[in-house]
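**Q** The structure that follows is given in the form of structure tokens.
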Amino acid sequence: MTDPARNAALWYAPDGYDPAAKGINGRRVAGESFLRGFLRHADIAEAVLLTGNPAEAEPVRALAESLRPGLPLRIVSSQQPGGIAPIRTLYYPSPNFAPEAWRRAPYGPGAWSLSGVTHTTSTAAVMEGWLNLRVAPVKPWDAVICTSRAVRASVDYQMDLIDAHLASHLGARPGPRPLLPVIPLGIDCAAFAPDPAAGAALRARLGAAPQDVVFTTIARLTPHEKFDPLPVYLAMAEAQRRLPPGQRLHVVFCGLFRDDYSRRVFEAGAAALMPGVGFALTDGADPHERSAALSGADVFLFPIDNIQETFGLAPVEAMAAGLPLLVSDWDGMKDTVTPDVGFRVTSRMLGPQALAPEALRYRGGVDNYVQYCAATSAMTELDIGEMVTRILDLALNPGLRRRMGQAGAARARGVYDWAQVIPRMQDLWAEQEALRRAGAASAPRYPAHALPVAPSPTALFAAWPSEVADLATPRFAARDLSGRADLEATLTARDYGGVKRMFAAPAQIAALLRAVTEAGPPGTSRDALAAQLRLAPASVERILIWLLKYDFIRRV
């Protein structure tokens, strides 16, 4: 029997899981891959989605049926988050789950655990989100999965700064931090099996002879948010000059350009700096081109020099395809690329104070995110001499390439396949559940109307009206509606559907007005209406005050 403590409800919105609908980026690609991996490999009795729009989650039902026939899937509205029970952990596809901590607060911070995950951590929203997380009602049974040791170090560093600020500025003792386990992203290794025919077709398009060496990259092709290609071109050109006659290097970049500027940088740079090296750009939005790029290559190249990158999923995919790797010694690749599977080229940055102006300009809105990332990248060095040496090592040693490729494929299957990663996540959720059970009794609830970041508007703006409405004491009778629009016509004219939010269901409003009318001249009370219609008194009050506003009823 599966243990609910090892399951987590998934907070679902297409933006976190659907690159086809919302646009391809690393976060959504990783989210879609996780969703598939979870549905296929999680040891669970049911899958549960918590969503603000249940209709948006319905397509997941068909996905679950295709990946794991017979697995029950339950969709719960975020307006009733307690409905995820008996599951008591909520997986959130972002590191900044402060809004979910506040959503949980009225039920008690011990009602369930929260489990987030890092993706890009360099944006202002994410950096400020850590501050929000430190002042939200986060508990020791909550967690943020850090996808690499490098990300964990950056999270700890910023939390240290935030905690020091809270202590010095407010004299506050910061609350407990969430758990920060290091668990990598995963992939479906089988999806990256080489396609020899596609690979041969790509090499034919390149004009690559059998002795030629093709280096390929699959990435978003932006010099300011992914990697600067020009140092790579310089290293490739130098390596080409040192190769024996008759052997040629080729560079294939398979990806997407966000703008014409990026395309110009990649194309003009290649023409100017490595004219003797083969060069091709292919469409990263086409799955056949992505497969061809991996299948026709001899080496996977990933020279990231940008803080936008946090893990590096593409090198793991290339490992699954059996390719040796040449990457920068950067972020998650410090974990994923071991010496047996590839080479990591030394990267260097300036000291802490050097880029303080860039941080302040970005924070102050003078620079945008692209400018912030571009400035940091411009002052990040990849050791070109070392890169040249490693290009030659790989180009001149097919046996080395073969051994590294075989080791990479084994490492991908043994460490990064979702079949290996999902159980590690389930271990975390079980640990969170044990901590929650041990500490939940001492975690107080917050009044739903008095959350510090989201007080009820009738509490926050209590000084605005003449008085607070008393709807518990009086009785209510219906007005004579002769000669005026009835309820249905009034609701149609008011058209609450235009703002896609209504204070109560039209059927409930009609039923309550009908009950007041049937009570006759003596009228009826809030509590009597609540009992008669089986509604909470608070729900009855919402309808009563609207009916008074529109003169359908009167106080007796």
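Read-outs throughout are calculated quantities, based only on the coordinates presented, and are distinct from any laboratory measurement. Bear in mind the structure is a predicted one, so any value in this text is a computation, not a measurement. So basically every Cβ, Gly included, is an ideal-geometry build from the backbone, and we count neighbours across all protein chains shown.
**Q** Expected output is a single nm value to one decimal: the length gained when fully extending between Ala124 and Asp15, i.e. 0.36 nm times separation in residues minus the C-alpha distance. What is it?
**A** Working: separation 109, 0.36 × 109 = 39.24 nm, distance 1.87 nm.
Result for the pair: 37.4 nm of gain on full extension.
**Q** Looking at the chain, how many pairs of lysines come closer than 23 Å at the Cα, when each pair is eight or more places apart or spans two chains?
**A** Lysine pair count for the chain: 4.
**Q** R0 = 41 Å: FRET efficiency of Phe461 with Asp43, Cβ-based, nearest 0.05?
**A** Working: r = 49 Å, r/R0 = 1.20.
Once the sixth-power term is evaluated, E becomes 0.25.
**Q** Taking the simple approach of a point 7 Å from Cα along Cα-to-Cβ for both Asp163 and Val499, what is their distance in nm?
**A** Roughly 4.3 nm, to one decimal.
**Q** Tell me whether the range 201-296 comes out rounded, prolate or oblate; compute the Cα gyration tensor, take square roots of the eigenvalues as a ≥ b ≥ c, and use a/c under 1.5 as the rounded threshold. Could you put the intermediate results ahead of the total?
**A** Details: a/c = 2.33, a/b = 1.21, b/c = 1.93.
Oblate, since a/c reaches 1.5 and b/c is not below a/b.
**Q** Same structure again: Points 7 angstrom from Cα along the Cβ direction at Leu180 and Ala85: gap in nanometres?
**A** Result: 3.4 nm between the two label points.
**Q** Now, a different point. What residues have an amide H closer than 5 Å to that of Gly342, excluding those fewer than 5 places away on the same chain, when H is modeled at 1.01 Å from N in the peptide plane?
**A** Amide H neighbours of Gly342, under 5 Å, 5+ apart: Leu325.
**Q** Further, regarding this structure: Whole-Hz ³J(HN,Hα) for each residue in the range 71-86, computed from phi via Karplus 6.51 cos²θ - 1.76 cosθ + 1.60 with θ = phi - 60°, x for glycine and proline: what do you get?
**A** My calculation for the range 71-86 gives 6, x, 10, 10, 10, 10, 6, 5, 6, 9, x, x, x, 6, 4, x Hz in order.
**Q** Still on this structure, I have one more. Out of all DSSP beta bridges with both ends in the chain, state the antiparallel percent to the nearest 5.
**A** On the way: 9 of 51 bridges.
In the chain, DSSP labels about 20 percent of beta bridges as antiparallel.
**Q** I've got another one for you. Mind checking the range 398-507 for chymotrypsin sites (Phe, Trp or Tyr not before Pro) that DSSP puts in a loop (not H, G, I, E or B) and that have at most 14 other Cβ atoms within 10 Å?
**A** On the way: sites: Tyr416, Trp418, Trp429, Phe461, Phe476, Tyr496, Phe503; in loops: Phe461, Phe503.
In loop regions of the range 398-507 (DSSP not H, G, I, E or B), the sparsely surrounded chymotrypsin sites (Phe, Trp or Tyr not before Pro) are Phe461, Phe503.
**Q** Taking the Cα centre as origin and putting +1 on Lys and Arg beta-carbons and -1 on Asp and Glu beta-carbons, what dipole magnitude results for the chain, to the nearest 20 debye? Before the final figure, lay out the partial values.
**A** Values: 57 positive and 55 negative charges, 191 e Å.
That gives a dipole near 920 debye.
**Q** Between Arg258 and Ala454, what is 0.36 nm times their sequence separation minus the Cα-Cα distance? Round to one decimal in nm. Mind dumping the intermediate values first?
**A** Details: separation 196, 0.36 × 196 = 70.56 nm, distance 3.71 nm.
Between Arg258 and Ala454, full extension yields an extra 66.9 nm.
**Q** By the gyration tensor of its Cα atoms, with a ≥ b ≥ c the square roots of the eigenvalues, what is the shape of the range 469-555: rounded for a/c under 1.5, prolate for a/b over b/c, or oblate? Please list the in-between numbers first.
**A** Details: a/c = 1.87, a/b = 1.25, b/c = 1.50.
Verdict is oblate for the range 469-555.
**Q** Same structure, new question: Going by a ≥ b ≥ c, the root eigenvalues of the Cα gyration tensor, does the range 351-482 fall in the rounded group (a/c under 1.5), the prolate group (a/b larger than b/c) or the oblate group?
**A** On the way: a/c = 3.48, a/b = 1.98, b/c = 1.76.
Prolate, because a/c is 1.5 or more and a/b exceeds b/c.
**Q** Using a Förster radius of 56 Å, what is the FRET efficiency between Ala201 and Lys549 based on their Cβ-Cβ separation? Nearest 0.05, please.
**A** On the way: r = 70 Å, r/R0 = 1.25.
The calculated FRET efficiency here is 0.20.
**Q** Give a residue-ordered list of calculated ³J(HN,Hα) values for the range 435-452 (Karplus: 6.51 cos²θ - 1.76 cosθ + 1.60, θ = phi - 60°; whole Hz; x for Gly, Pro).
**A** So the J values, rounded to whole Hz, are 5, 5, 4, 6, x, 5, 5, 9, 9, x, 7, 9, x, 4, 8, 10, 5, x.
**Q** Candidates (1) 104, 55, 51; (2) 76, 65, 39; (3) 87, 67, 38; which is the computed Cα extents along the principal axes in Å?
**A** (1)
**Q** Follow-up question, since we're still on this one. Quick one: which residues, 5+ away or cross-chain, put their amide H under 5 Å from the amide H of Arg74? H built at 1.01 Å from N.
**A** Those lying under 5 Å, H to H, from Arg74 are Ala47, Val48, Leu49.
**Q** May I ask what percent, to the nearest 5, of DSSP beta bridges between residues of the range 189-415 are antiparallel? It would help to have the intermediate numbers written out before the result.
**A** Numbers: 2 of 25 bridges.
Expressed as a percentage, antiparallel bridges in the range 189-415 total about 10.
**Q** What residues have an amide H closer than 5 Å to that of Thr282, excluding those fewer than 5 places away on the same chain, when H is modeled at 1.01 Å from N in the peptide plane?
**A** Phe253, Cys254, Gly255
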